[in-house]
1. Scan B:Phe602, B:Phe567 and give me the residue that is modelled with pLDDT of 90 or more, buried (at least 24 other Cβ atoms within 10 Å of the Cβ) and among the aromatic types (Phe, Trp, Tyr).
2. For residues that are closer than 15 Å to A:Leu286 by Cα and in contact (Cβ under 8 Å) with a residue 12 or more places away in the chain, scanning just region A:311-342, find the one that is farthest from the other protein chains (Cβ to nearest Cβ).
3. Which of the residues spanning region B:516-526 are touching a Pro at 6+ places or on another chain (Cβ under 9 Å) and surrounded by 24 or more Cβ atoms within 10 Å (Cβ to Cβ)?
4. Please enumerate the residues belonging to region B:570-582 that are surrounded by 21 or more Cβ atoms within 10 Å (Cβ to Cβ) and not hydrophobic (A, V, I, L, M, F, W, C).
5. Which of (1) buried (at least 24 other Cβ atoms within 10 Å of the Cβ); (2) away from every other protein chain (no Cβ under 11 Å); (3) outside any helix (DSSP H, G or I) is the odd one out, the single condition A:Phe245 does not satisfy?
6. Only one of A:Ala293, A:Ala298, A:Ala307 is within 10 Å of chain B (Cβ to nearest Cβ), touching a residue at least 24 places away in the same chain (Cβ under 8 Å) and in a helix (DSSP H, G or I); which?
7. Anything in region B:544-564 that is at pLDDT 85 or above and among the small types (Gly, Ala, Ser)? List them, or say none.
8. Could you figure out which of (1) among the β-branched types (Val, Ile, Thr); (2) out of contact with any strand residue (DSSP E or B) (no Cβ under 9 Å at 6 or more places or on another chain); (3) under 22 Å from B:Gln468 (Cα atoms) isn't true of B:Val610?
Amino acid sequence: MQRAYIPGFIARQPWGVILPLLALVLFGGAVLYSAAGGHLMPWALLHVLRFLVFLVMAMVISRIPQEWFKNAALPSYVMLCVLLVLVELIGRVGGGSQRWLNLGFMQLQPSELMKPGIVLVLAWFYSVLPPSEIRTGRAIAPAVLLLGLPAGLVMLQPDLGTGLAISFGAVVIMFLAGLPLWLFISGGAAVAVAAPLAFFTLLHDYQRKRVLVFLDPESDPLGSGYHITQSKIAIGSGGLFGKGFGQGSQSHLDYLPEAHTDFVFATMAEEWGMMGGLFVLTVFALVLRWGIAVALRAPDRFSRLLAAGMVTTIFFYVCINLMMVMGLAPVVGIPLPFVSHGGSSMMTNMLCIGTLMAVDRWSQRQDGTFR
Amino acid sequence: MRQTWTWPWSKPVRPLPVSGAQLTNSFERRTFVLGMAQAGVGMLLAGRLTWLAVAENAKYRAASESNRVNLTLIPPRRGWVIDRTGAALAANRADFRVDIVPDRVVDADATLGMLAGLLGLTADRVSDIKDKLEKARGFQPVEVASSLDWEKFAAVSVRLPELPGVIPQRGFSRYYPTGPAVGHLVGYVGPASAEDYEKEHNPLLITPGFKIGKDGLEKHFEERLRGVPGARRVEATAGGRVVRDLGTREDVPGKPIQLTIDAALQDYAARRIGLESGSVVVMDCATGDLLAMVSMPSFDPNSFADGIGRIEWKMLAEDDHVPLRNKVLRGLYPPGSTVKPMVALAFLEAGLDPEASVGCAGGLRVGNRVFHCWNHRGHGTTNMMKGIYQSCDVYFYHFAQQIGMDKIAAMARRLGLGQEFPMPYPGQSYGTVPDPAWKQRKYGKEWAIYDTVNATIGQGYMLVNPLQQAVMASRLASGLQLAPRLLMNHHAPAAPSLGIRQDHLDLIHAAMNEVVNGRGTAGKARLPVPGVQMAGKTGTAQVVGLNVGNGKGGLWKHRDHGHFICFAPFDKPRYACAVAIEHGGGSGAAYPIARDVMTFLFDRAKAMEVLEGYEKSWGGNVQQRMAARYNAYAAKFGATAPQAPDEAQAAEAVAADNTPVDQPTAPQTDAAPPAPEPEVTPAPAPAQSTAPAAAPSPAPAAAPVSAPAPGR
């Protein structure tokens, strides 16, 4: 081996994903450094440190045997559901929507953990389901139940973005598990019919407004449309190569809201231009491609579904966030993985990465043999 | 292997059960689809990014720049209005001010409460500001206070973070040094109204602290006075915090306008009118320059600039002396006997021998009515000279019938009565010089002989404004076709001659001199200036029929108007002056004012001495009296006074005050009797209350007993 002189532990790490991620996180750190007006604190330093901590966590996860994952699937799902109910109860008491539990040392957001959680439990479910049952109701009803409970609880909070993220991950697992196509086609049709109804009945006023404003941001340039408009201004004014590091007027003069969290891509694109944007897109493409490759060469049904689900979860984050900042989707509070400042989303995404790394290890160990 | 398609509801024979290998196969295919979908989304995002950053770059760059750079207009300093000597009638002074932009206020009550504490605002002032905040549209700044001292200004400035929407700034405000004296002359300024902004979408109009002309010259010469705003470019955050200065462009002050007015004289005349309601116009007999044009009582344009407060509005609205009306241009009065020199001049032009006499026995029978002379005892044999200086009505009744109204009306117009002079003020009233054609046109009635009789003594249909009276005085004095001039112009062509024979003028001048300095009706009007003799003519115009009041006492509204026209020196006229005092009870209210104003032109110290004596008994000068009155009102009504009107309503109210009261146009005057003239002569006046010299009665007898009411 060429790398014989490198210690085996290091050589075995999936550098194909760690290096792009490191580049992305460092780049994100630079953007956050600029957004803080040229200071490491309060965001940039914490951002990189967090990544390193969670990277260690991911490496630890990657060494967990597959059996542990399978055994933990249902119990962790149940625990997360209990936490969601708890959040709901405390939220009721506290008056208003609450998404997190205060554990004293950190704010735990169960709905955030539910994103990989639902993937894990569904992957487990379909791995234990006999292949012959895949076209029967037994393949659908339990899965719908497993999804419906947490998704319903999260939407009740109300947190539409996370609810959709959970549902999206679950639906993709069902799709990949081999459920009949007509289910998804008719389901898509049903959503197309039900969405307008839900829009007028289920959504909260502020959510409805966000959708309306998304359709016509200029209708409310100082209100809800402000976010979208300012974000587009930031991205558009950056041009090809941006205004230069530390020169983004939109973010520095506070015209861009949430410049270090949800709209960090706009902050970046203003200073680094289209080139910076393409760099971020490329890194995500690399990471996702690696994830899909991991899923495709995974040794068994559980790990395949698990890996594909984790990729999907990360993809959903990236896709919705970027569409939002570029004015292609309504404003929903979803951060950009590895770039936005924020512990919860970093943890979720690194859980996904860690799981993918674990799947990667399993496939390497078995060396392509199927069990 | 591909599954054959089956309808979900059909019950086909199930093929082979799905195997694990099939599922793996399907997983791979579907993962591929998923990967493609993700790649598709990636391409979509990259395309969108390119579109925003490249294709729409220019648009968004501009938007970002307009976000970043905040352009603040600096209101231009307004052009000064100066008098003929260069003294300021309207100037600017630097001041500290605080405005509120209603749109940005979060909690109006809390903000106002805090400001009231910081600035020491009174309760009524706070109520005024609240009214304005309610009415103001989002973009209009509302003035909280101006002319602040540094401490108060700083106190507000440091608390800005707690006071959203409050804008403290250093700027210039309009200042009228003589206040009420120039209220009607110069007008006033105020914040632009929503209507102004509709007309002229100029961001300057909604800049806090910017004022536009609202009335008078300030409004008429708005364009010239306004100037060009300066601008300050700053980089500011979304919250409005200034990050750095990008540059400042200085404002270009508006151009000044110089008036022919003499500021000192204007102020003196305003003060000298005292407690009366009236007007003084002084003209230069060589050029027509207006040296003073005063209408009192007036308002203080300084307080109008901030929008008028409720107490002040109540004060103005309840004043029966109509302080909002510019009486010089909008007050119409029957001129009374002041027309007599003019009528006499018409007689002379028509060839009447000045020595032609009539015997005045206290009245003249015209047709079947008796017209009385103001002096019921009669003037005896009266020629033209005596007719003027004794103001004998019978002389004029008699010869006017001979000469005819057309000739008199022509002379009246020639001397300026009924004429429109192009003055930079809206809504002037020009009055009437009646003649047969006019009456036919207006009322469709034949001219009657008593109409002539009435007109010759300045009653009946005859209506003039004080400016026209001043023009008449100046033309009589100079024989030139002078027109009133308000704007200083050193290159104006000299006025042409009226073409009146000098000997005719000399005779009139001598007669008018006799009025003051001889045996006439205004002996007390003699100037206390050695070597300067003033010539004049008194006039008393009846307001109500004698059946209502005698015109001398009783209800203020029922008293006669007092007039006096004059010029000095009589032999070499330099200044002409017209004084009109509403309900002064006769010309006795007018000529002392004319005398003192004229004195001021020749000997300021002497005139001031007299004025200060008067002001002691009046309770101070104009400002002091207004302040005292304000305090009385404030103590009485406080914040409970009704809301001050907004701009539009105020303008309406002013306009209403300015519509001429057409007192005698209602032809109650079939023969309004000449009111008693002088005080100088042994006063027969009181007798009139018992024996009204009123209306021409259809009494067949020539006896001076007549029916009390004008019969119709």
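1. Details: B:Phe602 fails: buried (at least 24 other Cβ atoms within 10 Å of the Cβ).
Being modelled with pLDDT of 90 or more, buried (at least 24 other Cβ atoms within 10 Å of the Cβ) and among the aromatic types (Phe, Trp, Tyr) holds for just one of B:Phe602, B:Phe567, which is B:Phe567.
2. The initial filter retains those residues of region A:311-342 that are closer than 15 Å to A:Leu286 by Cα, namely A:311-312, A:314-315, A:318-319, A:337-338.
Retained after the next criterion (residues that are in contact (Cβ under 8 Å) with a residue 12 or more places away in the chain): A:311-312, A:314-315, A:318, A:337-338.
Details: A:Val311: 8, A:Thr312: 7, A:Ile314: 10, A:Phe315: 5, A:Val318: 9, A:Pro337: 14, A:Phe338: 16 Å.
Looking at residues that are closer than 15 Å to A:Leu286 by Cα and in contact (Cβ under 8 Å) with a residue 12 or more places away in the chain, I get A:Phe338.
3. Within region B:516-526, the subset touching a Pro at 6+ places or on another chain (Cβ under 9 Å) is B:520-525.
Listed by number, the residues that qualify are B:Gly520, B:Thr521, B:Ala522, B:Ala525.
4. B:Pro573, B:Tyr575, B:Glu582
5. (1)
6. On the way: A:Ala293 fails: touching a residue at least 24 places away in the same chain (Cβ under 8 Å); A:Ala298 fails: in a helix (DSSP H, G or I).
None of the other options fit; the residue is A:Ala307.
7. We begin by selecting, within region B:544-564, every residue at pLDDT 85 or above; these are B:559-564.
Residue satisfying the conditions is B:Gly562 alone.
8. (3)
The values are calculated or read from the model by the stated rules, or taken from the named source; none is laboratory data. Bear in mind that the values here come from a model prediction, so they are computed numbers and not experimental data. Note: ideal-geometry Cβ built from the backbone for every residue, glycine included; neighbour counts use all protein chains shown.
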